[in-house]
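Novice: Mind having a look at this structure? Questions to follow.
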Amino acid sequence: MPASLWQLSIEEFREKVASNDTTVAAVSVATVAAASALNLVVMVLEVIGKRKGFAGDMSRLEALSDAAREESDRLARYTDEDPAAYAGFMRCVRMPKNNEAERIERARAMAQALRRATDVPLAAARTAVAGLNICAEAAAMAHGAVATDLGGAAMLLAGATRAMLLSVDANLAALSESEYRDQVAEERAELEDAAARQEKAVRKRIAAL
């Protein structure tokens, strides 16, 4: 595999996802979709700012555009971090367990790797929701055809968030650390609610245009 999945062409990435390499799975696909959706938001904001009749706050529009780029870049990093985290966990699964000392070390390493494999999709979902917050604010500025693009970006981000959180759920079921598990479960519920709420807000705004 290349140093980064982003070095692949779109067709190569499609084929990579369809291969038997299970490290490149739902979270990587979701982060690619979410990062692309935020680039779509940047495009919408660029179009809005160049319209002759734009009478809004240009500095705020530019700040939103910069924020969308930053969140997109962050999501792009998670595209590579998630397969690496999963591969790290699988290395721990394959550690020897021939005696008690090895079993203890293997269990410790697996718990640490599983936490990492949970943290990455959770952070990605957090970033996707931040992108939805940008969409919600940008929706007040969007009119015409680009408003549809903004609505599409919000839907992609919301769907990506749910896909990322499914991975979090799967890992939570295997975690034995109750305090950490409870904290993550609480945050993932908040993120899912926020994603649904912001997507609905954008859809409502777009429908009213």
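Novice: Ala113: in contact with a Phe, Trp or Tyr (Cβ under 6 Å, 6 or more places away or on another chain), of a type outside the set (Ser, Thr, Tyr), assigned to a helix (DSSP H, G or I) and farther than 15 Å from Val44 by Cα, yes or no?
Specialist: Here the answer is yes, as Ala113 does meet what is asked.
Novice: In addition: Give the number of residues within the stretch 148-171 that are surrounded by fewer than 19 Cβ atoms within 10 Å (Cβ to Cβ) and touching a residue at least 40 places away in the same chain (Cβ under 8 Å).
Specialist: Matching residues across the stretch 148-171 total 6.
Novice: Restricting to the stretch 139-169, name every residue that is among the small types (Gly, Ala, Ser) and modelled with pLDDT of 95 or more.
Specialist: Gly151, Gly152, Ala153, Ala154, Ala158, Gly159, Ala160, Ala163, Ser167
Novice: Of (1) under 23 Å from Asp66 (Cβ atoms); (2) of a type in the set (A, V, I, L, M); (3) at pLDDT 95 or above, Ala113 satisfies all except one. Which?
Specialist: (1)
Novice: Counting only residues that are within 24 Å of Gly152 (Cβ to Cβ) and part of a loop (DSSP other than H, G, I, E, B), how many does the stretch 9-18 have?
Specialist: Residues in the stretch 9-18 being within 24 Å of Gly152 (Cβ to Cβ) and part of a loop (DSSP other than H, G, I, E, B): 1 in total.
Novice: On to the next question. Which of (1) surrounded by 17 or more Cβ atoms within 10 Å (Cβ to Cβ); (2) farther than 20 Å from Met155 by Cβ; (3) of a type outside the set (S, T, N, Q) does Ala3 not meet, given it meets every other one?
Specialist: Ala3 satisfies every listed condition except (1).
Here's the yes/no breakdown for (1) buried (at least 20 other Cβ atoms within 10 Å of the Cβ); (2) more than 21 Å from Ala170 (Cβ to Cβ); (3) within 14 Å of the chain's Cα centre (by Cα); (4) not β-branched (Val, Ile, Thr):
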residue	(1), (2), (3), (4)
Ala26	no, no, yes, yes
Phe54	no, yes, no, yes
Ser59	no, yes, no, yes
Ala63	no, yes, no, yes
Pro83	yes, no, yes, yes
Tyr86	yes, no, no, yes
Arg91	no, no, no, yes
Glu100	no, yes, no, yes
Thr118	yes, no, yes, no
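Conditions (1) touching a strand residue (DSSP E or B) at 6+ places or on another chain (Cβ under 9 Å); (2) within 27 Å of Thr148 (Cβ to Cβ); (3) not in a helix (DSSP H, G or I), marked per residue:
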site	(1), (2), (3)
Asn20	no, no, yes
Ala37	no, yes, no
Glu46	no, yes, no
Leu61	no, yes, no
Ser65	no, yes, no
Arg69	no, yes, no
Ala84	no, no, no
Ala87	no, no, no
Glu105	no, no, no
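The values are calculated or read from the model by the stated rules, or taken from the named source; none is laboratory data. Worth saying up front: this structure is predicted, and the values here are computed from it rather than measured. All Cβ positions, glycine included, derive from the backbone under ideal geometry; neighbour counts span all protein chains shown.
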